[in-house]
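The structure appears below as structure tokens.
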Amino acid sequence: MARVALVTGGTRGIGAAVSQALQTAGYRVAATYAGNAEAAKAFMSRTGISSYQWDIGDFDACAIGVKSVESSLGPIDVLVNNAGIVRDATLHKMSRTQWDAVIRTNLDGAFNMCRQVIDGMRARRYGRIINISSINGQKGQFGQTNYSAAKAGELGFTRALALETARLGITVNAICPGYIHTEMLDAVPRDVLENSILPQIPVGRLGRPEEIARAVVFLAAEDAGFITGSTMSINGGQYMI
């Protein structure tokens, strides 16, 4: 029977590409979304991928949501923590609300989701957890102390959980995308994109969501069991470590 994959924030942008790539690779896929029901409905109609609405920052909502997915599709073998938000401001202008919102979704959300699936993965002695972090969690970014802190925290979380599960057939890895052509980047003024962003990227272009999705499918594979605690940087050479 096909393995089950759950992708948070899986109906738009990078998440949508990941959901579809996993579906093409033969997984039974569930995608979560937070609030854009219209986009989720269109995605579900277009792809046939089941979509579920809940707030990943809410521990209890994650517990209920995961149970719903598993009752419909079966035990979750692959978890992709992709959902994330931004609330940008320099620290001296950042409100506590902006800080809390980003940490709650981007970092607490990874814990909330992993906590729901980890017991089952341990019992079955198999699992693939892939956390979508960010280049800005590696190098920092002006105006994103909240986002950079959450995404850097996700990398530490990845490595620690990888150590805890390494002997149980469960791998935990992270992907750090650079600038990817999504709706979020469409909001950036053209002159800023051409004069400030693209010159930072040695390959001279934005990444594509499908390029992140291919990496997820690679890490999710059964024969990727010797890769754990790793961070894959996909940023066109913008930041090399």
Additional length obtainable on full extension of the chain from ILE234 to ARG96, 0.36 nm per residue less Cα span: 46.6 nm
Most exposed first, judged by fewest Cβ atoms within 10 angstrom, HIS181, HIS92 run HIS92, HIS181
To the nearest 20 Debye, how big is the dipole of the chain about its Cα centre, given +1 on the beta carbon of each Lys and Arg and -1 on that of each Asp and Glu? 300 debye
Taking R0 as 41 Å, what's the FRET efficiency between VAL203 and SER71 from their Cβ-Cβ distance, rounded to 0.05? 0.40
Per-selection metrics, segment 58-132 (Cα): Rg and Dmax in Å: 14.9, 48
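May I ask you to list the chymotrypsin sites (Phe, Trp or Tyr not before Pro) in segment 1-100 that are in a DSSP loop and have at most 15 other Cβ atoms within 10 Å of their Cβ?
Those that pass, being in a loop and sparsely packed, number zero.
So if we plug the beta-carbon distance of ARG190 and MET44 into 1/(1 + (r/R0)^6) with R0 = 25 Å, what FRET efficiency do we get, rounded to 0.05?
Efficiency, from the Cβ-Cβ distance: 0.20.
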Label points 7 Å out from Cα along the Cβ direction at MET1 and ASP223: separation in nm? 2.5 nm
Relative exposure of ARG3, ARG46, judged by other C-beta atoms within 10 Å (fewest first): ARG46, ARG3
The orientation-averaged projected area of the Cα convex hull of the chain, in nm², is 12.9 nm²
Considering only lysines 8 or more places apart in sequence, or on different chains, count the pairs in the chain whose C-alpha atoms sit under 29 Å apart. 6
Order by protection proxy (mean Cβ within 10 Å, highest first), peptides 36-42, 13-19, 84-90: 13-19, 84-90, 36-42
A student applying the Cα gyration tensor rule (rounded when a/c is under 1.5; otherwise prolate if a/b is larger than b/c, oblate if not) would label segment 1-73 oblate
So what is the 222 nm mean residue ellipticity for the chain from helices alone, if each DSSP H run of at least 4 adds -39500 (n - 2.57) and you divide by all residues, rounding to the nearest 500 deg cm²/dmol? -13500 deg cm²/dmol
Counting only DSSP beta bridges with both residues in the chain, tell me the antiparallel percent, nearest 5. 0 percent
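Mean projection of the alpha-carbon convex hull of segment 97-212 over all orientations, in nm²?
Result: a mean projected hull area of 8.5 nm².
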May I ask you to compute the full-extension gain from ASP58 to LYS139, defined as 0.36 nm times their residue separation minus their alpha-carbon distance, rounded to one decimal in nm? 26.3 nm
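Readers should treat all values here as calculations from the given coordinates under stated rules, not as data from a laboratory. Treat the numbers as computed from the prediction; the structure is a model and nothing was measured. Counting neighbours? That spans all protein chains shown, and the Cβs are built from the backbone with ideal geometry, glycine included.
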